Amino acid sequence: MSQVSLRPRTTAILATSLDGKLARSEAAGKRIASHYDFQHLEQQVAQVDAVLFGATTLRLGGTAMRLQSPHLIAEREGQGRSPQPLQIVCSASGNLDPALPFFRQPIRRALLTTEKGASHWQGSTAFDDCWCVGEEAIDWPRAFTCLQGAGVQTLAVLGGGQLLASLLQIAAIDELWLTLCPLLLGSAAPSLYPNGVEFSGTLTLLNVLPVGNEVYLHYRLNYV
């Protein structure tokens, strides 16, 4: 496993069913977790410079994780930060529907993509930044160099499973917040961790918080 030395401090924040699924397969855009989980997610997102998510996560949800709580926005502005973190979508193909609500949200948007993916957005103003970081696949060391250049020191990863696996393979996740939801969604739903992807390391449990029927787990990742 190779480690990326120069990169933002990265926290993955995910909600899963008890059988390790990230979303309902038949209900795009509907969260599996509670309103409390959304508040928890928003609090975590408010602390970072940027949010990173995959194309499938964007297609399912349709929007970015934009801060809505006035007090969290005010806290960021009081710290001299932008009211919203930078929203970064990762898509090797660049195949994203410009009609998604994401493109109408009042946020700063960036795209991490390949040469082919970038060609779809030439001349477009949909993204404030478009970073081409590979020919056919995302070159993550190059991607993190772009993030560093954009002033991103702290990063939240919100899914999906393939993105999480890619970052774990290069030891690029520092902490994990995992919400366990009281659901069993079955094999058709998207998984937390795709088959065939190896991870060498352990997780140290930092905190356990039961709220209602959900359990919030906070881990630090230790790589071999």
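Checked against (1) touching a helix residue (DSSP H, G or I) at 6+ places or on another chain (Cβ under 6 Å); (2) within 21 Å of Glu175 (Cβ to Cβ), Val45 passes all but a single condition, namely (1).
Screening Val152 against (1) open to solvent by 20 Å² or more (accessible area, probe 1.4 Å); (2) of a type in the set (Val, Ile, Thr); (3) assigned to a loop (DSSP other than H, G, I, E, B) leaves a single unmet condition, (1). Taken over segment 54-77, residues that are out of contact with any strand residue (DSSP E or B) (no Cβ under 7 Å at 6 or more places or on another chain) and either in contact (Cβ under 8 Å) with a residue 12 or more places away in the chain or open to solvent by less than 70 Å² (accessible area, probe 1.4 Å) (or both) amount to 16. Looking at Arg81, is it open to solvent by 10 Å² or more (accessible area, probe 1.4 Å) and assigned to a loop (DSSP other than H, G, I, E, B)? Criteria met by Arg81.
Assess whether Glu175 counts as being at pLDDT 95 or above, among the charged types (D, E, K, R) and open to solvent by less than 30 Å² (accessible area, probe 1.4 Å). No, not satisfied. On the basis of being touching an Asp or Glu at 6+ places or on another chain (Cβ under 7 Å), open to solvent by less than 10 Å² (accessible area, probe 1.4 Å) and at pLDDT 95 or above, does Ala110 make the cut? Yes, satisfied. Scanning segment 113-133 for residues that are at pLDDT 95 or above, of a type outside the set (S, T, N, Q) and part of a loop (DSSP other than H, G, I, E, B) turns up Trp121, Ala126, Phe127, Asp128, Val133.
Can you name every residue in segment 78-105 that is in contact (Cβ under 8 Å) with a residue 40 or more places away in the chain, over 20 Å from Ser166 (Cβ atoms) and not polar (S, T, N, Q)? Passing the criteria: Pro85, Leu100, Phe102. All told, Ser166 meets the bar of being touching a residue at least 24 places away in the same chain (Cβ under 8 Å), of a type in the set (S, T, N, Q), open to solvent by less than 70 Å² (accessible area, probe 1.4 Å) and closer than 14 Å to Thr10 by Cα. Among the residues of segment 203-224, those identified as open to solvent by 80 Å² or more (accessible area, probe 1.4 Å) and part of a strand (DSSP E or B) are Leu205, Pro210, Arg220. Only a single item in (1) open to solvent by less than 10 Å² (accessible area, probe 1.4 Å); (2) more than 29 Å from Val215 (Cβ to Cβ) is not met by Ile88, and it is number (2).
The values are calculated or read from the model by the stated rules, or taken from the named source; none is laboratory data. Source: prediction; values computed, not measured. Please note: Cβ atoms are built from the backbone with ideal geometry, for glycine as well, and neighbour counts cover all protein chains shown. Accessible surface areas use protein heavy atoms only, side chains included; no ligands, DNA or RNA. Shrake-Rupley method; radii C 1.70, N 1.55, O 1.52, S 1.80 Å.
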